[in-house]
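The values are calculated or read from the model by the stated rules, or taken from the named source; none is laboratory data. Model, not experiment: these values are computed from the prediction. No Cβ is skipped: glycine too gets one built from the backbone with ideal geometry, and neighbour counts run over all protein chains shown. Quick note on the areas: whole protein, heavy atoms, side chains included, nothing else; ligands and nucleic acids left out. Shrake-Rupley method; radii C 1.70, N 1.55, O 1.52, S 1.80 Å.
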Amino acid sequence: MSRNRALTLNLALAILVAAPLPVTAQQRPDLEFRPLIIDPAFEIGTGPVVLIDEAHFNFHTAEGRYKPFAELLRRDGYIVRPATTEFTELSLAGARILVISNALNEDDVEEWILPNPSAFTRSEIKAVGTWVQSGGSLLLIADHMPFPGAASELAAHFGLLFTNGYARREGLDIERGEGEMIFTRADGSLRSHPITNGRSAGERIESVTTFTGQAFRPHPRTPIDPLLVMGDDVVVLLPKVAAQFTDTTPQLAAVGWLQGAVLHHGTGQVAAFGEAAMFSAQVAGAERSPMGMNATSAGENYQFLLNLMHWLSGVFD
């Protein structure tokens, strides 16, 4: 596929109006979101290089819905750059962290219906796997259908089983945008880990909020550290067309499944999350309703993201 064709389709995705949830077409980054960073990890512009994937029709990019994400990292000292070409040994050289959020196959840019093929070629998956094995850190984010389908082959390379559906707590109507889930240390759904404990008491995380997404599991032989764990009231809906649900839509019980976890792979590290808005800061509609790190219920999400990046970049070491 030509470079111009890829850029054209990325633009089409950015202005897509046939979206899975009614507010998605109106979502835009909240450029006023600038939370206080009390103890930056690095001096501005001196930290590790973070690449944000923009070569796979991504729904979240550094200048789009993830601009607040990118700006938060820059204020913590990281050097943030877009990754605009396919993954190879050369394209990944020099980067410490690779962020992939909601990548898509070209076939899924305009219609979100089954099947949802891989966004990545086998050679790209091998390149990323080798890069992580040799010390790189991958942050892989795949939201609800079709994004888990597009990322499932890459996730499987690291022993993760993504579910190409919608995770929800019973009683919530995700067709009306009622997908918010809060994971807390108090109820055990937010697990203790250097990422949730932080470098000091001021960085300790007590709750993390997500907004719909999927649930995933590790392969039985994959050692993993859970971060966000689903309760016994969560199910995963498996529609054939995004956001179209009926009484006969298949569903799976998701008790004990994950929406966030980390693992080691060779000398590198992998963090996987089944929801993307939790790391964004967006506003929707004329009312500028917040969703993401700027939401009232998600006051600790931005520090959770910083702690996560600190773990991926070796700050805790």
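Please state which of the following conditions Ile125 fails to meet, knowing it meets all the rest: (1) under 19 Å from the mean Cα position of the chain (by Cα); (2) touching a residue at least 40 places away in the same chain (Cβ under 8 Å).
If we test Ile125 against (1) under 19 Å from the mean Cα position of the chain (by Cα); (2) touching a residue at least 40 places away in the same chain (Cβ under 8 Å), just (2) comes out false.
Within the stretch 269-287, is even one residue β-branched (Val, Ile, Thr), touching a residue at least 40 places away in the same chain (Cβ under 8 Å) and either open to solvent by 20 Å² or more (accessible area, probe 1.4 Å) or over 23 Å from Ala41 (Cα atoms) (or both)? Talk me through it step by step, then tell me what you get.
Step one: of the stretch 269-287, the residues β-branched (Val, Ile, Thr) are 270, 283.
Imposing the further condition that a residue be touching a residue at least 40 places away in the same chain (Cβ under 8 Å) reduces the set to 270, 283.
Retained after the next criterion (residues that are either open to solvent by 20 Å² or more (accessible area, probe 1.4 Å) or over 23 Å from Ala41 (Cα atoms) (or both)): 283.
Yes: one or more hits.
Of the numbered conditions (1) over 18 Å from the mean Cα position of the chain (by Cα); (2) open to solvent by 10 Å² or more (accessible area, probe 1.4 Å); (3) at pLDDT 95 or above, Ile205 satisfies every one except a single condition; which is it?
(2)
Give me a count of the residues in the stretch 208-223 that are under 17 Å from the mean Cα position of the chain (by Cα) and touching a residue at least 60 places away in the same chain (Cβ under 8 Å). Write out each step before concluding.
Taking the stretch 208-223 and keeping what is under 17 Å from the mean Cα position of the chain (by Cα), we get 208-218.
Narrowing further to those that are touching a residue at least 60 places away in the same chain (Cβ under 8 Å): 208-214, 216.
Within the stretch 208-223, residues that are under 17 Å from the mean Cα position of the chain (by Cα) and touching a residue at least 60 places away in the same chain (Cβ under 8 Å) number 8.
Which pairs have Cβ atoms under 6 Å, sit 6 or more apart or on different chains, and link a residue in the stretch 295-315 that is free of Cβ contacts under 8 Å to residues at least 60 places away in the same chain and more than 18 Å from Pro40 (Cβ to Cβ) to one that is of a type outside the set (Lys, Arg) and surrounded by fewer than 23 Cβ atoms within 10 Å (Cβ to Cβ)?
So the pair list comes out empty.
Would you be able to say whether some residue in the stretch 236-252 is open to solvent by 10 Å² or more (accessible area, probe 1.4 Å) and either of a type in the set (D, E, K, R) or in contact with a helix residue (DSSP H, G or I) (Cβ under 6 Å, 6 or more places away or on another chain) (or both)?
yes
What is the one condition in (1) under 22 Å from Asn102 (Cβ atoms); (2) open to solvent by 20 Å² or more (accessible area, probe 1.4 Å); (3) in a helix (DSSP H, G or I); (4) of a type outside the set (Lys, Arg) that Leu161 does not satisfy?
(3)
Go through the stretch 208-217 and give me each residue that's surrounded by 19 or more Cβ atoms within 10 Å (Cβ to Cβ) and at pLDDT 95 or above.
Keep residues of the stretch 208-217 that are surrounded by 19 or more Cβ atoms within 10 Å (Cβ to Cβ), which gives 208-216.
The answer is Val208, Thr209, Thr210, Gly213, Gln214, Ala215, Phe216.
Just give me the residues in the stretch 223-271 being small (Gly, Ala, Ser) and within 17 Å of Phe211 (Cβ to Cβ), in sequence order. It would help to see each step written out before you state the result.
Restricting attention to the stretch 223-271, the residues satisfying the condition of being small (Gly, Ala, Ser) are 231, 242-243, 253-254, 256, 260-261, 266, 268, 271.
Matches in the stretch 223-271: Gly231, Ala242, Ala243, Ala254, Gly260.
For the stretch 232-249, state whether one or more residues are at pLDDT 95 or above and within 29 Å of Asp76 (Cβ to Cβ).
No, that holds for no residue.
Among the residues of the stretch 200-215, which ones are out of contact with any Phe, Trp or Tyr (no Cβ under 7 Å at 6 or more places or on another chain) and not in a strand (DSSP E or B)?
Within the stretch 200-215, Ser200, Ala201, Gly202, Glu203, Arg204, Glu206, Gly213 meet the criteria.
Which pairs have Cβ atoms under 7 Å, sit 6 or more apart or on different chains, and link a residue in the stretch 97-118 that is free of Cβ contacts under 8 Å to residues at least 24 places away in the same chain to one that is open to solvent by less than 70 Å² (accessible area, probe 1.4 Å) and among the acidic types (Asp, Glu)?
none
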